[in-house]
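To start, the structure itself, in structure tokens.
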Amino acid sequence: MYRLGRFAHDHRWAVIAAWVVAAAGLRLATPDWRSVARDSDVGELPAYTTTARGLKLNAAAFPNDTSNSQLVFVLAREDRPLTAEDRAVGLRLARRLEELPDVPLVGPVWTEQTPVIGDMLSSPAGKAVEVVARLSNDFMAVDNVRLRRTALRLLAAAQAEAPAGLQIGVTGSAAIGGDLLAAMSESLRATEFTTIAAVALALALIYRSPWLIVVPLGAIAVATIVSIDLLALLAQWSELRGSGAWPEFRVYSTTRIFIVVLLFGAGTDFCLFLIARFRELRSEGASQREGIVESVGRVGHALAASAGTTIAGLSMMVFAEFGKFAYSGPAIAIALAIALAVCLTLAPALLATPIGRRLYERPRRLPGTGQSMKAAPQQRPRAGGRCWNWVADVVTARPGLVLAASLAAAAPLAWQGVGAPVTYDIFSELPPDAPSKRGAELLLRHLPPGEIGPLTLLVRLPGEDFASDGGRRLIRELSKRLFDLKGVDKVRSLYRPTGEPPGAVSLFSSQGWISLAAAGSPLAEETFVSQATGGEVTRLTIVLAHGPFSAEAVATADQIAGTLRSLQTREASPWRKATFEMLGVTAGIRDLERITSIDGRRIQLLVTIAVYLVILVLLRRPLVCGYLIATVVLNYYVTLGLVNLALGALHGDDYAGLDWKAPIFLFVILVAVGQDYNILLATRVAEEQRRLGPLAGVHRGLTATGGIITSCGVIMAATFGSMTSGSLPEMAEMGGALALGILLDTFIVRPILAPAFLALMARRHAGAGGA
């Protein structure tokens with residue numbers, strides 16, 4: 001580290017030029033982040049899930065009908081049935097949609113005139129009708145943002161020519177995914193701007209020096225540009241290279257948000273610790289060169305260890321099975337490693353320029369002595385100022401009492417956090433003004449909510465031809481069983497293509513004849529029975545009674561899966577050799593819930609072990625390291641408990657829980673970043689204990705680092721708080737939770753829980769030494 005400090009000072013202009021050239025070169029050579037980012041959730045599930053297997057089977061069995069999402073246009077009147085003029089608007093809308101060359105349609109657009117399908121698209125009272133476009137895109141495909149704009153243009157054109165009183169909306173899984181991605185993009189822009197503004201404002205308020213803004217912001221801006229562009233380049237290279245000997249690399253929109261926030265937070269912290277030690281050394285009379293070399297030499301290893309805990313924690317996410325976790329963690333870790341390199345090279349190089357001289361003005365000399373006023377014994381203030389001296393006095397005087405009181409206050413909140421619920425209801429995360437949300441509300445007033453995204457059941461039975469009489473009887477039996485399940489609204493199959501419940505329609509009525517004709521039509525057979533497999537595969541479309549993103553829909557999917565398992569295991573059952581796979585939004589969320597629950601437990605264990613090993617290598621005190629890990633884990637559960645209580649009070653009965661991604665990212669960041677501050681405190685305490693003794697070293701370490709760590713914590717919390725500036729509720733919740741957790745760590749864990757334990761250890765050591 002000393003050699004690195006000397007190199008940064010002596011070759012400062014070369015170092016600065018190298019980083020500037022690297023940033024400029026990458027910016028010129030790198031593709032736009034959005035062109036390489038992925039945002040599919042279902043597409044990131046492992047291959048063994050039912051959704052992944054279902055996608056594969058569907059592509060093989062129905063190669064000409066592989067829809068993965070839907071755009072649903074809803075035309076409705078509240079006061080009376082639709083007129084012929086109203087219905088003509090929907091037909092024109094469908095034709096315009098089919099004429100667009102850049103819409104990934106799967107087959108023709110469904111309207112009320114589509115054979116077999118048409119009767120399903122009108123409400124029973126005739127007040128609403130759907131126009132359904134089946135798409136090959138996954139519902140969270142990045143391309144759905146473009147399709148969203150196309151759909152809104154078509155919607156505006158249709159509304160302009162519609163008769164008075166006709167309401168038109170757009171929804172469906174593709175529209176919902178497009179709205180989510182658009183909100184995420186807007187949140188990213190808002191977060192980037194707010195993050196930079198928050199860091200600049202915090203630095204200005206804390207230090208009131210423009211030069212203390214220039215060095216950290218300049219260094220971290222370079223680190224952010226290099227990181228984002230390098231990761232985008234790696235993602236493009238991985239995509240062009242395809243599968244091979246090298247590991248695949250992916251990036252996501254959420255990856256970029258965390259990179260920006262974490263680099264401006266942690267990177268600024270690293271720079272400020274370096275600058276604080278530089279100013280401290282300069283105040284003791286060191287030259288500019290000596291201050292740079294000594295500051296890098298003394299705090300460089302602590303900064304490396306601090307960053308190392310976060311890098312190690314994030315890297316453990318590679319062991320997740322869900323792709324977004326497995327790729328995002330290492331990507332953010334790479335960005336943080338680049339930020340560390342910038343802080344240990346570019347930041348010292350900037351301090352070696354005339355900017356560094358402006359960060360410290362030499363104090364006036366005492367008249368007639370030639371001695372610095374700051375250095376004069378009678379003028380020297382106690383280290384750390386009155387506030388931190390008072391905190392240190394209280395903590396070191398009665399560490400046992402302080403520790404017991406703090407843990408007693410934290411325990412009930414932590415218990416609340418242990419049982420904090422999470423939600424996978426993506427629809428509830430949409431902004432209130434999202435077009436797909438308004439369209440869904442219009443649809444729900446006239447049609448079942450499950451129409452937004454029906455569930456598809458694929459059935460494969462080797463040796464069976466489902467188009468035969470025997471196969472049709474099996475489909476009838478299966479359809480009736482599914483109809484009987486609570487939460488199932490309709491089952492469309494070769495038995496009942498229009499989805500009426502068994503016995504609901506008389507065969508002697510006109511509707512009965514229509515239903516019978518539909519079941520016997522070639523189009524129904526082509527739709528529901530696979531020709532590519534010789535009839536061995538059939539599919540059923542299940543319309544659920546609840547919205548496809550809801551917990552109730554997932555529970556119904558669980559019931560369906562249980563029913564299918566019972567059919568496979570029943571003695572003499574014709575389904576014993578059958579394979580059942582589910583597709584659709586609900587099936588994807590069900591798999592997502594199961595996989596991420598397993599990933600969450602695995603990541604928490606691995607992150608805890610990795611961070612513990614890093615600080616153990618640094619401090620070499622197993623008991624202290626174990627305690628420090630326990631404090632940040634406690635802080636995680638306390639934060640979850642507080643956030644759960646606050647959101648529950650804010651939303652009342654509508655609160656279903658935190659977004660499912662929040663607890664995992666919250667754990668990794670709070671445990672890893674929180675440990676950063678503990679490391680910076682513990683290393684300074686160890687340094688001072690060697691000089692002043694056990695208890696005095698704890699006191700001096702707390703007072704010397706109190707101000708700078710608190711400043712860093714406030715800045716870090718401000719950067720995470722910037723995530724609340726976007727329109728996406730899930731990002732706002734996550735940002736608020738992270739900011740709260742960092743503040744708790746800054747003002748409770750690091751100044752109270754950690755030093756109280758260190759003081760207890762110091763007292764025991766002193767007692768043993770005295771004995």
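The values are calculated or read from the model by the stated rules, or taken from the named source; none is laboratory data. Please read all numbers here as calculations on a predicted model, not as lab measurements. Cβ placement follows ideal geometry from the backbone for every residue including glycine, while neighbour counts extend to all protein chains displayed. The protein model used for the area step is the full one, side chains on, heavy atoms only, and it has no ligands, DNA or RNA in it. Shrake-Rupley method; radii C 1.70, N 1.55, O 1.52, S 1.80 Å.
Worth a mention:
- Solvent-accessible surface of protein heavy atoms, probed at 1.4 angstrom with all chains present, puts Tyr252, Tyr48 in the order Tyr48, Tyr252, largest first.
- Note on Glu552: accessible area is roughly 90 Å² with a 1.4 Å probe, heavy atoms of protein only.
- The trypsin sites (Lys or Arg not before Pro) of region 202-310 that DSSP puts in a loop, and whose beta carbon has at most 15 other beta carbons within 10 Å, are Arg208.
- Accessible area, probe 1.4 Å, largest first, for residues Thr569, Thr50: Thr569, Thr50
- Ordering 619-625, 100-106 by mean Cβ neighbour count within 10 Å, with the highest value first, yields 619-625, 100-106.
- Length-normalised contact order for the chain - Cα pairs under 8 Å, 6+ apart - percent: 20
- From helices alone, the chain scores -21500 deg cm²/dmol at 222 nm; the rule is -39500 (n - 2.57) for each run of n ≥ 4 DSSP H residues, then divide by the residue total.
- Dipole-positive endmost among Ala151, Ala59, Leu91 within region 22-154 (Cβ charges, Cα centre): Ala151
- Seen from Leu82, the other residues with C-beta closer than 13 Å to its C-beta sum to a net charge of -2, counting Lys and Arg as +1 and Asp and Glu as -1.
- Accessible area per residue, Å², the chain with all protein chains present, probe 1.4 Å: 40
- Rel. contact order, % - alpha carbon contacts under 8 angstrom, at least six apart, region 178-305: 26
- Ordering of 226-234, 160-168 by packing is 226-234, 160-168, highest average first (other Cβ atoms within 10 Å, averaged per residue).
- Helix 754-770 vs. the chain, principal-axis angle (Cα, 0 to 90°, nearest 10): 40
- Sorted peptide list for 606-613, 638-645, 395-402, 262-269, criterion being average Cβ within 10 angstrom, highest first: 262-269, 638-645, 606-613, 395-402
- Environment charge of Val488, counting only residues whose C-beta is closer than 14 Å and scoring Lys/Arg +1, Asp/Glu -1: 0
- In the assembled protein chains, Glu571 presents an accessible area of approximately 150 Å² (probe radius 1.4 Å).
- Structure-derived semi-axes √(5λ) of the Cα gyration tensor in Å: which label, when the choices are (i) 64, 26, 23; (ii) 43, 38, 24; (iii) 60, 27, 23: (iii)
- For His446, the accessible surface of its heavy atoms amounts to roughly 30 Å² (probe 1.4 Å, protein chains only, rounded to the nearest 10).
- For the residue pairs Lys127/Lys437; Lys324/Lys490; Lys56/Lys127; Lys324/Lys480; Lys480/Lys577; Lys480/Lys661, the C-alpha atoms sit more than 29 angstrom apart in Lys324/Lys490; Lys56/Lys127; Lys324/Lys480; Lys480/Lys661.
- Across the protein chains, with a 1.4 Å probe defining accessible surface, the residues Tyr636, Tyr627 rank Tyr627, Tyr636 from largest area downward.
- Rounded tilt (10° steps) of 694-721 against the dominant C-alpha axis of the chain: 40
- With a cut-off of 12 Å between beta carbons, the residues surrounding Asp143 carry a summed charge of +2, where Lys and Arg count +1 and Asp and Glu -1.
- Pairwise centroid distance, computed over Cα atoms, of region 557-619 with region 471-489, Å: 26
- Principal-axis tilt of helix 385-397 within the chain, Cα atoms, nearest 10 degrees: 80
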